[in-house]
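The values are calculated or read from the model by the stated rules, or taken from the named source; none is laboratory data. The model shown is predicted, which means the values in this text are computed figures rather than measured ones. Counting neighbours? That spans all protein chains shown, and the Cβs are built from the backbone with ideal geometry, glycine included. What goes into the accessible areas is simple: the full protein's heavy atoms, side chains included, and nothing from ligands, DNA or RNA. Shrake-Rupley method; radii C 1.70, N 1.55, O 1.52, S 1.80 Å.
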Amino acid sequence: IPNDQVRKLAKEFVSSMVDILLATVDTGKLNGGAAVLLEPEVVRFVAGGYVADGRAVEAELKKLVKMAKEAEAGAELDAIKFNVAKYNEVDLHTFTAAIPENERDARRVFGERLDVVVGTGPQSTYVAFGKDCMTLLKQVIDDSASAETSGPPIAFTVSLGKILEFASTFQDEPAVGVLAEALKNAAGKDKIAITGTGIDHGIRYRVEV
(Lines give C-alpha, C1' and ligand atoms only; values in the text may rest on other atoms or scores of the structure.)
Protein backbone atom coordinates (compact mmCIF):
# COMPACT_ATOMS: atom_id res chain seq x y z
CA ILE A 1 0.00 0.00 0.00
CA PRO A 2 1.74 3.15 -1.26
CA ASN A 3 1.20 5.65 1.56
CA ASP A 4 -0.38 6.27 4.96
CA GLN A 5 -3.46 7.94 3.49
CA VAL A 6 -4.35 4.95 1.31
CA ARG A 7 -3.44 2.57 4.14
CA LYS A 8 -5.96 4.39 6.36
CA LEU A 9 -8.64 3.99 3.67
CA ALA A 10 -7.92 0.27 3.44
CA LYS A 11 -8.22 -0.14 7.21
CA GLU A 12 -11.53 1.73 7.24
CA PHE A 13 -12.86 -0.48 4.44
CA VAL A 14 -11.81 -3.70 6.19
CA SER A 15 -13.38 -2.46 9.42
CA SER A 16 -16.65 -1.77 7.59
CA MET A 17 -16.61 -5.25 6.01
CA VAL A 18 -16.06 -6.81 9.44
CA ASP A 19 -19.09 -4.89 10.76
CA ILE A 20 -21.20 -6.25 7.90
CA LEU A 21 -19.91 -9.77 8.58
CA LEU A 22 -20.73 -9.49 12.29
CA ALA A 23 -24.22 -8.23 11.44
CA THR A 24 -24.63 -11.27 9.18
CA VAL A 25 -23.52 -13.64 11.95
CA ASP A 26 -26.02 -11.98 14.29
CA THR A 27 -28.87 -13.05 11.98
CA GLY A 28 -28.01 -16.67 12.79
CA LYS A 29 -27.65 -17.57 9.12
CA LEU A 30 -24.53 -18.34 7.07
CA ASN A 31 -24.85 -19.48 3.47
CA GLY A 32 -22.37 -19.29 0.62
CA GLY A 33 -20.17 -21.10 -1.85
CA ALA A 34 -17.28 -20.77 -4.27
CA ALA A 35 -15.87 -22.57 -7.29
CA VAL A 36 -12.66 -22.56 -9.33
CA LEU A 37 -13.39 -23.73 -12.88
CA LEU A 38 -10.47 -25.03 -14.94
CA GLU A 39 -10.26 -25.66 -18.67
CA PRO A 40 -7.13 -25.91 -20.84
CA GLU A 41 -5.47 -22.48 -20.47
CA VAL A 42 -8.55 -20.99 -18.80
CA VAL A 43 -9.18 -20.21 -15.10
CA ARG A 44 -12.45 -18.79 -13.82
CA PHE A 45 -13.52 -18.13 -10.25
CA VAL A 46 -16.89 -17.36 -8.74
CA ALA A 47 -18.13 -16.97 -5.16
CA GLY A 48 -21.23 -15.66 -3.49
CA GLY A 49 -23.35 -15.79 -0.41
CA TYR A 50 -25.82 -14.30 1.99
CA VAL A 51 -25.04 -11.07 3.81
CA ALA A 52 -27.25 -9.11 6.16
CA ASP A 53 -27.04 -5.98 3.98
CA GLY A 54 -25.70 -6.30 0.44
CA ARG A 55 -26.45 -2.64 -0.29
CA ALA A 56 -24.08 -1.68 2.53
CA VAL A 57 -21.33 -3.65 0.78
CA GLU A 58 -22.00 -1.68 -2.41
CA ALA A 59 -21.99 1.62 -0.53
CA GLU A 60 -18.66 0.82 1.12
CA LEU A 61 -17.10 -0.16 -2.22
CA LYS A 62 -18.22 3.12 -3.78
CA LYS A 63 -16.94 5.05 -0.77
CA LEU A 64 -13.56 3.28 -0.95
CA VAL A 65 -13.12 3.99 -4.67
CA LYS A 66 -14.15 7.65 -4.26
CA MET A 67 -11.70 8.23 -1.42
CA ALA A 68 -8.92 6.30 -3.18
CA LYS A 69 -9.33 8.46 -6.29
CA GLU A 70 -9.11 11.57 -4.15
CA ALA A 71 -5.91 10.13 -2.66
CA GLU A 72 -4.63 9.40 -6.19
CA ALA A 73 -4.13 5.73 -5.35
CA GLY A 74 -3.85 4.58 -8.95
CA ALA A 75 -5.09 5.14 -12.48
CA GLU A 76 -6.59 1.63 -12.59
CA LEU A 77 -9.45 2.96 -10.43
CA ASP A 78 -10.87 4.58 -13.57
CA ALA A 79 -11.53 1.05 -14.87
CA ILE A 80 -14.06 0.44 -12.06
CA LYS A 81 -17.65 0.91 -13.23
CA PHE A 82 -20.56 0.71 -10.80
CA ASN A 83 -24.12 -0.33 -11.67
CA VAL A 84 -23.37 -1.30 -15.26
CA ALA A 85 -26.34 -3.70 -15.21
CA LYS A 86 -28.97 -5.25 -12.97
CA TYR A 87 -29.84 -8.96 -12.90
CA ASN A 88 -32.52 -10.51 -10.69
CA GLU A 89 -32.33 -7.63 -8.17
CA VAL A 90 -28.52 -7.85 -8.11
CA ASP A 91 -26.57 -4.74 -9.16
CA LEU A 92 -23.50 -5.61 -11.23
CA HIS A 93 -20.22 -3.69 -11.07
CA THR A 94 -17.17 -4.34 -13.28
CA PHE A 95 -13.42 -3.85 -13.04
CA THR A 96 -10.62 -4.62 -15.47
CA ALA A 97 -6.91 -4.65 -14.65
CA ALA A 98 -4.00 -4.91 -17.06
CA ILE A 99 -1.78 -7.99 -16.65
CA PRO A 100 1.95 -7.16 -17.05
CA GLU A 101 3.62 -8.50 -20.18
CA ASN A 102 6.18 -10.44 -18.11
CA GLU A 103 3.37 -12.46 -16.47
CA ARG A 104 3.12 -14.83 -19.42
CA ASP A 105 1.33 -17.68 -17.67
CA ALA A 106 -1.28 -15.30 -16.26
CA ARG A 107 -1.82 -13.83 -19.73
CA ARG A 108 -2.33 -17.32 -21.14
CA VAL A 109 -5.26 -18.02 -18.82
CA PHE A 110 -6.76 -14.52 -18.41
CA GLY A 111 -5.71 -12.60 -21.51
CA GLU A 112 -4.09 -9.16 -21.54
CA ARG A 113 -6.56 -7.90 -18.92
CA LEU A 114 -8.23 -9.52 -15.93
CA ASP A 115 -12.00 -9.05 -15.94
CA VAL A 116 -13.80 -8.89 -12.58
CA VAL A 117 -17.51 -8.51 -11.82
CA VAL A 118 -19.05 -7.90 -8.40
CA GLY A 119 -22.75 -8.33 -7.68
CA THR A 120 -24.57 -6.77 -4.72
CA GLY A 121 -28.18 -7.61 -3.92
CA PRO A 122 -30.43 -6.72 -0.98
CA GLN A 123 -29.01 -9.63 1.03
CA SER A 124 -26.30 -11.10 -1.17
CA THR A 125 -22.85 -10.44 -2.55
CA TYR A 126 -21.13 -12.17 -5.48
CA VAL A 127 -17.76 -11.90 -7.20
CA ALA A 128 -16.35 -13.56 -10.31
CA PHE A 129 -13.23 -13.15 -12.41
CA GLY A 130 -11.78 -14.62 -15.58
CA LYS A 131 -13.02 -14.95 -19.14
CA ASP A 132 -16.76 -14.39 -19.60
CA CYS A 133 -17.13 -13.90 -15.83
CA MET A 134 -20.34 -11.86 -16.23
CA THR A 135 -22.14 -14.86 -17.78
CA LEU A 136 -20.74 -17.14 -15.06
CA LEU A 137 -21.91 -14.86 -12.26
CA LYS A 138 -25.42 -14.60 -13.75
CA GLN A 139 -25.57 -18.40 -13.95
CA VAL A 140 -24.65 -18.66 -10.26
CA ILE A 141 -27.33 -16.09 -9.36
CA ASP A 142 -29.91 -18.19 -11.23
CA ASP A 143 -28.68 -21.43 -9.65
CA SER A 144 -28.65 -19.99 -6.13
CA ALA A 145 -32.30 -18.94 -6.45
CA SER A 146 -33.33 -22.59 -6.77
CA ALA A 147 -30.46 -24.27 -4.93
CA GLU A 148 -31.12 -27.34 -2.81
CA THR A 149 -30.96 -26.28 0.84
CA SER A 150 -30.81 -29.77 2.35
CA GLY A 151 -27.62 -31.78 2.68
CA PRO A 152 -24.44 -31.37 4.73
CA PRO A 153 -23.64 -27.92 6.12
CA ILE A 154 -20.10 -28.16 4.71
CA ALA A 155 -19.27 -29.71 1.33
CA PHE A 156 -16.13 -29.45 -0.81
CA THR A 157 -15.41 -31.35 -4.04
CA VAL A 158 -12.31 -31.47 -6.24
CA SER A 159 -12.11 -32.98 -9.73
CA LEU A 160 -8.57 -34.32 -10.22
CA GLY A 161 -9.18 -34.86 -13.92
CA LYS A 162 -9.83 -31.15 -14.54
CA ILE A 163 -6.76 -30.17 -12.51
CA LEU A 164 -4.46 -32.55 -14.40
CA GLU A 165 -5.93 -31.56 -17.77
CA PHE A 166 -5.25 -27.91 -16.94
CA ALA A 167 -1.74 -28.67 -15.63
CA SER A 168 -0.87 -30.67 -18.76
CA THR A 169 -1.23 -27.51 -20.88
CA PHE A 170 1.53 -25.83 -18.88
CA GLN A 171 3.90 -28.74 -18.28
CA ASP A 172 5.82 -31.08 -20.58
CA GLU A 173 5.83 -33.79 -17.90
CA PRO A 174 4.55 -36.93 -19.72
CA ALA A 175 3.08 -38.48 -16.58
CA VAL A 176 0.73 -35.53 -16.09
CA GLY A 177 -0.61 -35.86 -19.62
CA VAL A 178 -1.05 -39.63 -19.28
CA LEU A 179 -2.96 -39.28 -16.02
CA ALA A 180 -5.12 -36.49 -17.42
CA GLU A 181 -6.03 -38.63 -20.43
CA ALA A 182 -6.78 -41.65 -18.23
CA LEU A 183 -9.11 -39.67 -15.97
CA LYS A 184 -11.14 -38.38 -18.92
CA ASN A 185 -12.80 -41.80 -18.99
CA ALA A 186 -13.19 -42.09 -15.22
CA ALA A 187 -16.97 -41.51 -15.42
CA GLY A 188 -16.87 -39.04 -12.54
CA LYS A 189 -14.69 -41.24 -10.33
CA ASP A 190 -11.85 -38.71 -10.27
CA LYS A 191 -13.34 -36.82 -7.32
CA ILE A 192 -12.14 -36.03 -3.82
CA ALA A 193 -15.08 -35.01 -1.64
CA ILE A 194 -15.03 -33.57 1.89
CA THR A 195 -18.25 -33.14 3.85
CA GLY A 196 -18.89 -31.95 7.39
CA THR A 197 -21.87 -32.69 9.61
CA GLY A 198 -22.68 -31.36 13.03
CA ILE A 199 -22.31 -33.44 16.18
CA ASP A 200 -22.48 -32.51 19.86
CA HIS A 201 -19.76 -29.92 20.55
CA GLY A 202 -18.12 -30.33 17.16
CA ILE A 203 -18.13 -31.34 13.50
CA ARG A 204 -17.56 -34.77 11.95
CA TYR A 205 -15.68 -34.71 8.64
CA ARG A 206 -15.81 -37.38 5.97
CA VAL A 207 -13.16 -37.55 3.23
CA GLU A 208 -13.99 -39.70 0.21
CA VAL A 209 -11.58 -40.45 -2.65
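The set of residues in region 114-163 that are under 19 Å from residue 39 (Cβ atoms), of a type in the set (D, E, K, R) and over 17 Å from the mean Cα position of the chain (by Cα) contains only 162. None of 117, 140, 109 is assigned to a helix (DSSP H, G or I), hydrophobic (A, V, I, L, M, F, W, C), over 18 Å from residue 31 (Cβ atoms) and touching a residue at least 24 places away in the same chain (Cβ under 8 Å) except 109. Only one of the listed residues (155, 128, 193) is at pLDDT 85 or above, open to solvent by 60 Å² or more (accessible area, probe 1.4 Å) and among the small types (Gly, Ala, Ser). That residue is 155. So the check is Cβ under 8 Å with 6+ separation or different chains; which pairs have a first residue in region 38-59 that's farther than 14 Å from residue 116 by Cβ and open to solvent by 40 Å² or more (accessible area, probe 1.4 Å) and a second one that's of a type in the set (A, V, I, L, M, F, W, C) and part of a helix (DSSP H, G or I)? Note: pairs meeting the criteria are 39/166; 40/166; 41/109; 41/166; 53/20; 53/23. Consider region 160-178 and keep the residues that are at pLDDT 85 or above and over 22 Å from residue 107 (Cα atoms). The one that is surrounded by the fewest Cβ atoms within 10 Å (Cβ to Cβ) is 160. Might you check whether a residue that is farther than 24 Å from residue 21 by Cα, assigned to a helix (DSSP H, G or I) and of a type in the set (Phe, Trp, Tyr) occurs anywhere in region 150-172? Yes, because at least one residue in region 150-172 is farther than 24 Å from residue 21 by Cα, assigned to a helix (DSSP H, G or I) and of a type in the set (Phe, Trp, Tyr).
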